[in-house]
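Some notes on the structure that comes next.
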Amino acid sequence: MFSDPALWLITAVFLVPAALIAIPAHELGHGLAAYWQGDPTPRNRGFLRPQLRAFIEPYGLVAVFLANVGWGAPIPVNEYRLNSIWSKLAYALGGPVANLAAAAVAAVGLRLLEGIGAVAIPIPPIPLDLLAFTVFAIFFLNLSFAVFNLLPIPGLDGWRIVEGLFRNRNARFFFDVSTRRREIWVGVVLVLVLASLLPPHVNLLNVVMAPLFQPLSALLIGRCAVYISLQPCLL
């Protein structure tokens, strides 16, 4: 961002349509998973239809443009109806799976465009290349959402998976973590910022996301995708 503000601004523009797809897809994925597990709350409260404003979480949206990751506002569910480990896991995985499906669809479109000669770059402004870059941004952000939200950090889906598997054995621990979620997130952000500012200037998101992001990207589009702020390709 700071080394080339103009390039960051141009690429940020293409994240707008990507976010308009990735955020609702993620939250609708959770809502549908809960509904299919027997919880009518998302349907009864009108959340099983596209309504962007209800899905936007300000910090998650800011993260899209600053770090190329993000999250949305959770759809309300009745977790007492998710009364088995498998239903809790299905609910937690609903969002990432929806993003992965959206990324797969975008990957098909990107391969088709590249097959007729398009290059996914925003400069120079050639119409077919701009279309390809738009589809690439949609692919990248949806895959980023899927992988990032699977990290085992309180508040993300990866932590829901861990909690679903082990909460019955360690209820007190998970309760304590839930009461300290804000402090944990402050610590996570502080570690990420310090790691990027201090030598050797490491983007820790690249490191923790690469083991899953890199093979999925290679499988879907034949290469590891990178964007301006996130390059989770270590090999």
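Structural remarks
- Centre separation in Å (Cα based) which lies between region 45-104 and region 122-168: 11
- Region 118-235, accessible surface, carbon-and-sulfur percent (1.4 angstrom probe): 70
- Accessible surface of region 21-61 [probe 1.4 Å, protein heavy atoms]: carbon and sulfur percent: 58
- With the charge dipole of the chain set up from +1 on Lys and Arg Cβ and -1 on Asp and Glu Cβ about the Cα centre, the Cα lying farthest toward the positive end among the listed residues G164, L198, A22 is that of G164.
- Heavy atoms of the protein chains alone define the surface here; on that basis the chain has 53 Å² accessible area per residue at 1.4 Å probe size.
- Rounded to the nearest 20, the Cβ-based charge dipole of region 78-160 about its Cα centre (Lys and Arg +1, Asp and Glu -1) stands at 260 debye.
- Contact order relative to length of the chain, as percent, for alpha carbon pairs under 8 angstrom and 6 or more apart: 20
- Region 45-101: C-alpha gyration tensor shape, a/c 1.5 cut-off, then a/b vs b/c: prolate
- The 3J(HN,Hα) values that the Karplus relation (6.51, -1.76, 1.60; θ = phi - 60°) gives for region 104-118 are, in residue order, 5, 5, 5, 4, 5, x, 5, 5, 5, 5, 5, x, 9, x, 6 Hz. Gly and Pro appear as x.
- Cα gyration tensor category, rounded, prolate or oblate, for region 134-235 with a/c compared to 1.5: oblate
- HN-Hα J in Hz across region 187-202 - Karplus 6.51, -1.76, 1.60, θ = phi - 60°, x for Gly and Pro: x, 4, 4, 4, 5, 4, 5, 5, 5, 7, 8, 9, x, x, 6, 9
- Rounded to 10°, Cα long-axis angle of helix 127-148 versus longest principal axis of the chain: 30
- Cα long-axis angle, helix 157-166 against the chain (0 to 90 degrees, to the nearest 10): 30
- Applying the criteria of a DSSP loop state and at most 10 other Cβ atoms within 10 Å to the trypsin sites (Lys or Arg not before Pro) of region 166-235 yields R169, R223.
- In Hz, Karplus ³J(HN,Hα) per residue of region 218-232 (6.51, -1.76, 1.60; θ = phi - 60°; x = Gly, Pro): 4, 5, 7, 10, x, 7, 8, 7, 10, 10, 5, 9, 9, 9, x
- Per DSSP, loop trypsin sites (Lys or Arg not before Pro) in region 30-130 with at most 15 further Cβ within 10 Å: R45
- Per-residue ellipticity at 222 nm, computed for the chain from helices alone with -39500 (n - 2.57) per DSSP H run of at least four residues, works out to -22000 deg cm²/dmol.
- Relative contact order of region 87-179, pairs being alpha-carbon contacts under 8 Å that are 6 or more residues apart, as %: 32
- Listed residue (A106, F174, I75) projecting farthest to the positive dipole end of region 71-191, Cβ model: F174
- A cut-off under 14 angstrom between Cβ atoms defines the neighbours of N99, and their net charge, with Lys, Arg +1 and Asp, Glu -1, is -2.
The values are calculated or read from the model by the stated rules, or taken from the named source; none is laboratory data. Keep in mind the model is a prediction, meaning the values are calculated, not measured. In this analysis, Cβ positions are derived from the backbone assuming ideal geometry, glycine residues included, and neighbour counts consider all displayed protein chains. Note: areas computed on protein heavy atoms with side chains; ligands, DNA, RNA excluded. Shrake-Rupley method; radii C 1.70, N 1.55, O 1.52, S 1.80 Å.
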